[in-house]
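Values quoted throughout were computed directly from the atomic coordinates according to the rules given, and no laboratory measurement underlies them. All figures in this text were calculated on a predicted structure; none of them were measured in a lab. Heads up, the Cβs are rebuilt from the backbone with ideal geometry, glycines too, and the neighbour counts pull from every protein chain shown.
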Amino acid sequence: MTALAVPAGSVRIHRAPPLDPPFDDELRPTTYRPARPEPSEIIPPEAVAGASPECHTAALRFLNLCLELFNGFRSPGQLRPLLRVTEANTVLDELSRSLRRLAALRQAVPAGSPRRPVRRRQLRTCEPRPGVAEVAAVLSDGRTTWSVAYRLERDTTTWRCTALLVLL
């Protein structure tokens, strides 16, 4: 097998066609065309761009309180003033479930190794409407990594958590 010396710039690569040509055995080739979203499902451009500073600050404040909870400095009941009354039990149940799972993971670690604090790795905040924050955060203690997603809504002066999900 020999390699051919080709002068630089003499080889051109063309783009692939947008659709494959039909096969010989296809009578009527069909192509995939995604359904257009309904006008109510379209995300406004402001939501994709990010969140207002006030919204991001509220999201970071709530996450810091959750980190204090995961590190053992708070109890779940201390977050009750920051939860909407109608969803408080659901959010507290999710926090308690994640604390039990975190405790089981910490018991599985050998006794001689030091306990590492849970830290924030990444935080993404979106504001789909003014006064509503949807947040996704990545947390880690050096051994395991998990995520927290929550929604905050502002009533008159306070941001309150209306939904929370911990993937641990």
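Tabulated results
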read-out: Cα-projected label distance for Arg61 with Arg101, points at 7 Å along beta-carbon direction, nm; value: 2.8
read-out: At R0 = 35 Å, FRET efficiency that the Cβ-Cβ distance of Val85 and Val109 yields, to 0.05; value: 0.40
read-out: Overall Cα dimensions of the range 86-165 - principal axes, largest extent first, Å; value: 49, 26, 17
read-out: Protection proxy ranking, peptides 137-143, 58-64, average beta carbon neighbours within 10 Å, highest first; value: 58-64, 137-143
read-out: Gain on full stretching of the segment that runs from Ala149 to Gln78 - 0.36 nm per residue minus C-alpha separation; value: 23.6 nm
